[in-house]
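Reviewing the structure listed below.
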Amino acid sequence: MTDGTLVDTTWLHRRLGGDVIVLDATVDRHTGPDGATVFVSGLALHTERRIPGAHFADLITGFSDPTAPFPFARPSTARIQEYARDLGIGEDSTGVVYDRLTGAWAARVWWVLRSAGITNVRVLNGGLTAWQAAGLSVTDGRAPAPARETSWPARPARASSASSA
């Protein structure tokens, strides 16, 4: 499937190595000394097991504002666009985001990208769990850094207009 927000493992597997940019949006969590849940970068989990060619999309510092008084605050549009370019996302590329859990982190990155005008992005239905259940290979370590994309001017998404009653 290609017209919706979700793509399946078969669709992604057929396109690996092409112009699809695969992003792993995994976030890890721990229990702090006070018993509270603490969210941390999922980079260690990413390097332990990932879809071949996937790049780590850091939701803690890359697609969130780490200076905000609360976690996962949306960064500025300029910051989102810069980080997307660092991950190799360009005007003609298709981004596919996944995570290790229920897809909430992948959906968050999808929303953040779309809010910054980067609309050719999808979520892998079922994430890494579905990928492995389909018998597809995984790898470890980090993929070589993608070439930074510089050829397009991302635009913020248009605000929806409220209709009058």
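The values are calculated or read from the model by the stated rules, or taken from the named source; none is laboratory data. Computed from a predicted structure; not experimentally measured. Note that we place each Cβ from the backbone using ideal geometry, even for glycine, and neighbour counts take in every protein chain shown. Accessible surface is based on the protein model in full, side chains and every heavy atom, while ligands, DNA and RNA are left aside. Shrake-Rupley method; radii C 1.70, N 1.55, O 1.52, S 1.80 Å.
Given the condition closer than 27 Å to Leu136 by Cα, surrounded by fewer than 13 Cβ atoms within 10 Å (Cβ to Cβ) and among the charged types (D, E, K, R), answer yes or no: does some residue in the stretch 21-31 qualify? Give the derivation first.
Residues of the stretch 21-31 closer than 27 Å to Leu136 by Cα: 21-29.
After this cut, where a residue has to be surrounded by fewer than 13 Cβ atoms within 10 Å (Cβ to Cβ) as well, the list is 29.
Now narrow it down to the ones that are among the charged types (D, E, K, R): 29.
Scanning the stretch 21-31, I find at least one residue that is closer than 27 Å to Leu136 by Cα, surrounded by fewer than 13 Cβ atoms within 10 Å (Cβ to Cβ) and among the charged types (D, E, K, R), so the answer is yes.
Across the stretch 100-140, which residue is most open to solvent (accessible area, probe 1.4 Å) among those that are β-branched (Val, Ile, Thr) and free of Cβ contacts under 8 Å to residues at least 40 places away in the same chain? Filtering the stretch 100-140 for residues that are β-branched (Val, Ile, Thr) and free of Cβ contacts under 8 Å to residues at least 40 places away in the same chain, the one most open to solvent (accessible area, probe 1.4 Å) comes out as Thr102.
Scoring Ala54 on the criteria (1) open to solvent by less than 10 Å² (accessible area, probe 1.4 Å); (2) more than 16 Å from Pro146 (Cα to Cα) leaves a single failure, condition (2). Within the stretch 10-31, residues that are without any contact (Cβ under 8 Å) to a residue 60 or more places away in the chain have Cβ atoms under 8 Å from residues that are in a loop (DSSP other than H, G, I, E, B) in these pairs: Trp11/Met1; Trp11/Thr2; Leu16/Ile51; Leu16/Pro52; Leu16/Gly53; Gly17/Gly53; Asp28/Gly42, counting only partners at least 6 apart in sequence or on another chain.
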